[in-house]
1. Restricting attention to the range 17-49, which residues are among the charged types (D, E, K, R) and either within 16 Å of Ala123 (Cα to Cα) or at pLDDT below 85 (or both)?
2. Quick check on the range 227-242. Is at least one of its residues within 23 Å of Ala123 (Cα to Cα) and at pLDDT 85 or above?
3. Can you say whether Ser138 is hydroxyl-bearing (Ser, Thr, Tyr) and modelled with pLDDT of 65 or more, as far as the supplied structure shows?
4. Can you tell me which residue in the range 195-217 is least open to solvent (accessible area, probe 1.4 Å), limited to those that are assigned to a strand (DSSP E or B) and among the β-branched types (Val, Ile, Thr)?
5. Answer yes if at least one residue in the range 149-171 is modelled with pLDDT of 95 or more, open to solvent by less than 20 Å² (accessible area, probe 1.4 Å) and either hydrophobic (A, V, I, L, M, F, W, C) or out of contact with any Pro (no Cβ under 6 Å at 6 or more places or on another chain) (or both), and no otherwise.
6. In the range 292-317, what count of residues is obtained for those that are at positive phi and in a strand (DSSP E or B)?
7. Among the numbered criteria (1) crowded, with 18+ Cβ neighbours inside 10 Å; (2) at pLDDT below 85, which one does Ala281 miss?
8. Being of a type in the set (Ser, Thr, Tyr) and in contact with a Lys or Arg (Cβ under 9 Å, 6 or more places away or on another chain) is the filter here, so list the residues in the range 255-281 that pass it.
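The values are calculated or read from the model by the stated rules, or taken from the named source; none is laboratory data. Nothing here was measured: the structure is a model prediction, and the numbers come from that model. In this analysis, Cβ positions are derived from the backbone assuming ideal geometry, glycine residues included, and neighbour counts consider all displayed protein chains. Surface areas here come from the heavy atoms of the whole protein model, side chains and all, with no ligands, DNA or RNA. Shrake-Rupley method; radii C 1.70, N 1.55, O 1.52, S 1.80 Å.
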Amino acid sequence: MTRRPCPSALALLLAALGSLPAQALTENSVNVSSRAFAPTLDGVGMRNEVSRNDAGAAPIALSTDTGPQSGQREPVLAFDGKCVVIATGAPCQGDEAPLTTQTVLDGSKPVVVREGTFGVGNASAYARDGRVGAKASSLVSTGMSHATIDRANPGRSVPGKLYSTGSASASAGASTRHTNTLQGPAGGVATITLSGVASSSLFINSTPGLGNTASLSMEVQGSAAPAGQRCNNLNLGCVASFGYGRFADPGSIGPIVQGVEHRSFAISFQARTGDIVSLLAYVGANTSNTGTADASHTLSIDEITLSSGFGFTDESAFVRNGNRYAFAAAAVPEPASAALLLAGLLAVAGRARFRRSGPRAC
């Protein structure tokens, strides 16, 4: 009897790995930055800028904080008998409407007024399978651009418009992309529906003319295509997206802009059996000077619905209920779990070799 050569343990391991479903891929990315500046009497100023970013398959959470930057400046340069001229060089506006009242010193002498300055910025963001969040917040102090003398009361002045005595900004962004392979009947076409919610809030100081802004942008996209190719020409299309943005700028007369919004979405696209399915969620938040853009509550893909008879080749990232999928809280195996799986596969391969060939195999 002719003996067949025994397969190596490595060959059996590769065969065992080949019989496993194709692995899904998760790509998370987060970037955050914040900046703050406050003028000081020496003209140098106090400043701090912090940036961080990270990317990978595991969940990511990052934050930055400039810490409070504070100092003093002497905003009043001279007094010409009509106007108190401030460091910004703003021209005298004459009879502009008063906001508050402050004491003016002897008009025949230069006026020196020390003014506190302040700026701070912070940002945070996170990303994991199907869920992202971002928040940006910044704050500055304000002062008067110039002042005019109250003609009815020469010992008093009428301050001019407010201006920022410091500067600050913050930005945060997060994205997560999950790719998987659609399995189902040969040549079959599935409809895939993504549903979830986008929650956000904006706050911005109402004082006009200070350059205060806050903005948010959110996007969810689902797409499908054969590996290495562009998407198929299907009835519903192979790409579907949800986009949402908010922007606040009080301009010259705007009120405080503040509000919480919840936007639900449901988008559908189609894929053929064997297509690579991509699920993307992105959120960005930005502020300048005094404002808050908060989308940290969540932008989430809460549910993925597939046509009956279809599924994903790797469902380790999901909790499945019939043809409905939800991202699990911990989708990515820990390194220790991966090592344990490899050891188990080696043991299985060795046992298969022993059974096939007997104790005295080759």
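1. Arg35, Asp42, Glu49
2. no
3. It is true that Ser138 is hydroxyl-bearing (Ser, Thr, Tyr) and modelled with pLDDT of 65 or more.
4. Only one residue fits best here, namely Ile204.
5. Yes, the range 149-171 has at least one match.
6. Residues that pass the stated criteria total 1.
7. Of the numbered conditions (1) crowded, with 18+ Cβ neighbours inside 10 Å; (2) at pLDDT below 85, the odd one out for Ala281 is (2).
8. Ser278
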